[in-house]
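The values are calculated or read from the model by the stated rules, or taken from the named source; none is laboratory data. Please read all numbers here as calculations on a predicted model, not as lab measurements. Reconstructed Cβ throughout: ideal geometry from the backbone, glycine too, with neighbour counts over all protein chains shown.
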Amino acid sequence: MTSTATQGKRGIGAKLIDSDEAYRHWAPTYDSTANPLLALEQRIAPLAKGMFQGKDVVDLGCGTGRWLSRIEACAPQSLTGVDSSEAMLRQAAQRCQTATRLKQADCAASELPDRSADCIVASFVVSYVTDLQAFAGEAARLLRPNGSIFVSDVHPHGRSYGWRRTVKIAAESFEIATEDYTLQQLIAAMREEGFLLTELIEPCFGPQEREIFRRAGKSAAYNDVEAKPVIYWAHFTSASE
Ligand SMILES: C[S@@+](CC[C@H](N)C(=O)[O-])C[C@H]1O[C@@H](n2cnc3c(N)ncnc32)[C@H](O)[C@@H]1O
């Protein structure tokens with residue numbers, strides 16, 4: 001099983017599969033495949049160690065623990081990763097410290113206690129969430145007053161570039177079912193739950209990511225989207241009380 005280094009183009013007649021099935025196959029190679037979207041997010045995310053130090057942190061849609069392992073290095077008070085995929089969590093368990101809790105659950109219904117988090121990370125998961133308002137409501141339920149949630153994902157314009165999220169299983173390409181939320185819909189859903197948007201970044205790929213495309217023999221795909229926003233990174237804060 002291999003996965004695309006970035007978004008694939010929709011193959012004619014590509015079969016649609018749900019996220020759980022896709023990540024069951026993708027989990028073993030998720031971390032070993034260079035992905036320019038994830039690389040860009042890591043490069044531009046304005047996260048400082050102090051944002052997590054001594055805080056109760058939850059990573060919704062934690063996957064294989066890409067952010068969990070970085071946050072561990074920031075000395076949080078507690079750290080919990082939530083993901084619906086058992087296969088992805090198995091990878092996270094190998095990578096994370098034993099103090100990091102991992103929970104298999106829907107990120108819109110985590111069953112974690114009310115007001116148990118100071119900070120939430122939700123990276124590349126929102127477009128798999130079928131009920132955006134429920135996701136925003138869950139974040140509002142989990143966060144304490146003045147809490148922060150960092151939401152990042154493939155930019156909604158990605159569809160207009162012909163991008164689709166794809167995985168290859170036994171040499172066949174499958175499209176992963178996603179929701180097409182606009183940034184306006186995300187911001188409105190978060191506002192509805194009392195969140196304030198404090199920062200929004202919509203970056204383009206740079207030379208570092210161009211190199212990932214080049215190594216994958218996909219320079220033409222880079223040229224197609226050069227100077228276009230390819231991901232977004234949004235910081236919302238919860239009300240003070
Ligand atoms: C693209 S991966 C991102 C993983 C990780 N956040 C990262 O950035 O590397 C998407 C993850 O979201 C998870 N996921 C999809 N829908 C979910 C849901 N409704 N609740 C919890 N996790 C979900 C998948 O299992 C997968 O691990």
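Of the strands (runs of 3 or more DSSP E) entirely within segment 45-109, those holding at least 3 residues that are out of contact with any Lys or Arg (no Cβ under 9 Å at 6 or more places or on another chain) and more than 23 Å from residue 236 (Cα to Cα) occupy 101-104. In segment 20-38, the qualifying residues are those that are under 21 Å from residue 212 (Cβ atoms) and more than 11 Å from the ligand (Cβ to nearest atom), and the one that is surrounded by the fewest Cβ atoms within 10 Å (Cβ to Cβ) is 32. When segment 141-167 is examined, which residues are found to be closer than 19 Å to residue 233 by Cα, modelled with pLDDT of 95 or more and of a type in the set (D, E, K, R)? Passing the criteria: only 153. Taking segment 195-213 as the search range and keeping residues that are touching a residue at least 60 places away in the same chain (Cβ under 8 Å) and closer than 30 Å to residue 137 by Cβ, which one is surrounded by the most Cβ atoms within 10 Å (Cβ to Cβ)? The extreme case among them is 203. Taken over segment 72-110, the residue count meeting the criterion of being under 15 Å from the mean Cα position of the chain (by Cα) and of a type in the set (A, V, I, L, M) is 5. Among the residues making up segment 45-79, those that are within 13 Å of the ligand (Cβ to nearest atom), modelled with pLDDT of 95 or more and surrounded by fewer than 20 Cβ atoms within 10 Å (Cβ to Cβ) are 69, 70. Looking across segment 87-105, the residues that are in contact with a helix residue (DSSP H, G or I) (Cβ under 9 Å, 6 or more places away or on another chain), surrounded by fewer than 19 Cβ atoms within 10 Å (Cβ to Cβ) and under 24 Å from residue 137 (Cα atoms) come down to 103, 104.
For segment 142-151, the condition holds for at least one residue, the condition being that it is part of a strand (DSSP E or B), within 16 Å of the ligand (Cβ to nearest atom) and over 19 Å from residue 106 (Cβ atoms). None of 234, 227, 216, 239 is of a type in the set (A, V, I, L, M, F, W, C), more than 16 Å from residue 186 (Cα to Cα) and surrounded by 17 or more Cβ atoms within 10 Å (Cβ to Cβ) except 216.
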